[in-house]
Amino acid sequence: MLQTFATCNWNETFSTDTQEEALENLEKGHILYFPHLRFEILPEENFFLDPKHADPHAKNISYHSSQNKLWGVQRLTDTEWIKLKILLDRFAQKTLKLVKTLLPHYFNELTIGRTSFRPIQLSDRKSSYRKDDKLLHFDAFPSDPSHGKRILRLFTNINPQGEAHIWRVSEPFENVVKQFLADLSEPMPGSAKILRFLRITKSYRTLYDHYMLQLHDKMKANREYQKSAPGKEIIFPPGSTWMMLTDQTSHALMKGQYILEQTFYVPINAMKNPVQSPLHILETMLGQRLV
Ligand code: CO
């Protein structure tokens, strides 16, 4: 499940063989793991490593580089606000560089999504089961339909107290869908239009988005499944970085505080093996076009 890299520099270059192997593994649902790739927090930025800056109503502090937007924070002065933006922007730029040099196949097609910073301890957070990321799931966003685009995410542990992030990863996408296929139901006629009209979704919720959300919710709601699903615990120590297609790799975030996360979107036609995409697998198993 894990391809490990010796990389310790965000500007590192990779051989064609390494690039191809990384691409193959990523699209199979494996995790690309960089145990020595540390994201440096400057001394004056240590101030931000404190849960008090996070808005308790939000799961993360979020930043969008192309929209120059920062949200999910509280009680920051204007100067602090700008400094936090600079930190998150630096992370977004470094991760973009890494993804482009390691995965040049995606180079022209990649779009940059949000940058997130979570200073709170995950296991302390009380939430509804749908929002509980300690349960195995594939990523799917209720308000932000992906239309089949792949969700590529890069994470880095910046815990200043030496604490690891503990994740659980489970079985391949196809195996999970097989177990939940009978539970999936069609959307109510016209519901995608209503959701869009009410601005509950930022764009039209396709059938693909509908089924991915159902899968996400049904997996999280099924306690028996959560207990019995095969899985492996992975420990990500501070100073480590990892990357995966989170719409395809079943994952649960068991424990961890202080993490940076960068989201990218990759269109299916930019993939090397589009047949491995959740869209293709779902369309084959349901016997219909979903986008
Ligand atoms: Co997730």
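Values computed for the structure shown
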{"read-out": "Difference of contour (0.36 nm per residue) and Cα-Cα distance, residue 175 to residue 289", "value": "39.0 nm"}
{"read-out": "Nearest-20 debye value, the chain charge dipole, Cβ charges on Lys, Arg, Asp, Glu", "value": "840 debye"}
{"read-out": "The range 1-144, relative contact order [Cα under 8 Å, separation at least 6], %", "value": "27 percent"}
{"read-out": "Cα gyration tensor of the range 218-277 - equivalent ellipsoid semi-axes, whole Å, descending", "value": "23, 20, 11"}
{"read-out": "Residue-averaged 222 nm ellipticity for the chain, from DSSP H runs of 4+ at -39500 (n - 2.57), nearest 500", "value": "-8500 deg cm²/dmol"}
{"read-out": "DSSP-defined beta bridges in the chain - what % are antiparallel, rounded to 5", "value": "95 percent"}
{"read-out": "The range 70-138 and the range 193-244: distance between their alpha carbon centers, rounded to Å", "value": "17 Å"}
{"read-out": "Candidate residues 275, 99, 73: accessible-area rank, largest first, probe 1.4 Å", "value": "275, 73, 99"}
{"read-out": "Furthest towards positive pole of dipole, 176, 141, 267, structure part the chain, Cβ charges", "value": "141"}
{"read-out": "Of 6, 54, 32, farthest towards positive along the dipole that unit charges on Lys, Arg, Asp, Glu beta carbons give the range 1-58", "value": "54"}
{"read-out": "Inter-probe distance in nm under a simple model that places probes 7 Å from Cα toward Cβ, at residue 130 and residue 13", "value": "4.9 nm"}
{"read-out": "Options 239, 91, 198, ranked by Cα towards positive dipole end of the chain, top entry (Cβ charges)", "value": "198"}
{"read-out": "Relative contact order (%) - criterion: Cα under 8 Å, at least six apart; region: the chain", "value": "31 percent"}
{"read-out": "For the range 197-291: relative contact order, % (alpha-carbon pairs under 8 angstrom, 6 or more apart)", "value": "40 percent"}
{"read-out": "Of 69/193; 100/232; 94/232; 178/202; 28/134; 28/178, pairs whose Cα-Cα distance is over 25 Å", "value": "69/193; 100/232; 94/232; 178/202"}
{"read-out": "Rounded Å value of the spacing that divides the Cα centres of the range 1-49 and the range 255-285", "value": "17 Å"}
{"read-out": "37 °C / 0.692 mPa s Stokes-Einstein diffusion coefficient of the range 153-208, Kirkwood radius on C-alpha pairs, µm²/s", "value": "210 µm²/s"}
{"read-out": "Net dipole in debye of the range 68-216 [+1 Lys, Arg Cβ; -1 Asp, Glu Cβ; about Cα centre; nearest 20]", "value": "500 debye"}
{"read-out": "Distant alpha-carbon pairs in the chain (separation over 24 angstrom), percent", "value": "52 percent"}
{"read-out": "At R0 = 30 Å, FRET efficiency that the Cβ-Cβ distance of residue 36 and residue 74 yields, to 0.05", "value": "0.30"}
{"read-out": "Antiparallel DSSP beta bridges within the range 1-123, as percent of all bridges there, nearest 5", "value": "70 percent"}
{"read-out": "Kirkwood Rh in Å, taken over the range 1-109 so that all alpha-carbon pairs contribute", "value": "16.0 Å"}
{"read-out": "Low-density loop positions, trypsin sites (Lys or Arg not before Pro), the range 1-105 - DSSP coil, at most 10 other Cβ in 10 Å", "value": "75"}
{"read-out": "The range 133-251, dipole about Cα centre (Lys/Arg Cβ +1, Asp/Glu Cβ -1), debye to the nearest 20", "value": "320 debye"}
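The values are calculated or read from the model by the stated rules, or taken from the named source; none is laboratory data. Quantities reported herein were computed from a predicted structural model and do not represent experimental measurements. Glycine gets a Cβ as well: all are built from the backbone with ideal geometry, and neighbour counts include every protein chain shown. These area figures cover heavy atoms from the full protein model, side chains too; ligands, DNA and RNA do not enter into them. Shrake-Rupley method; radii C 1.70, N 1.55, O 1.52, S 1.80 Å.
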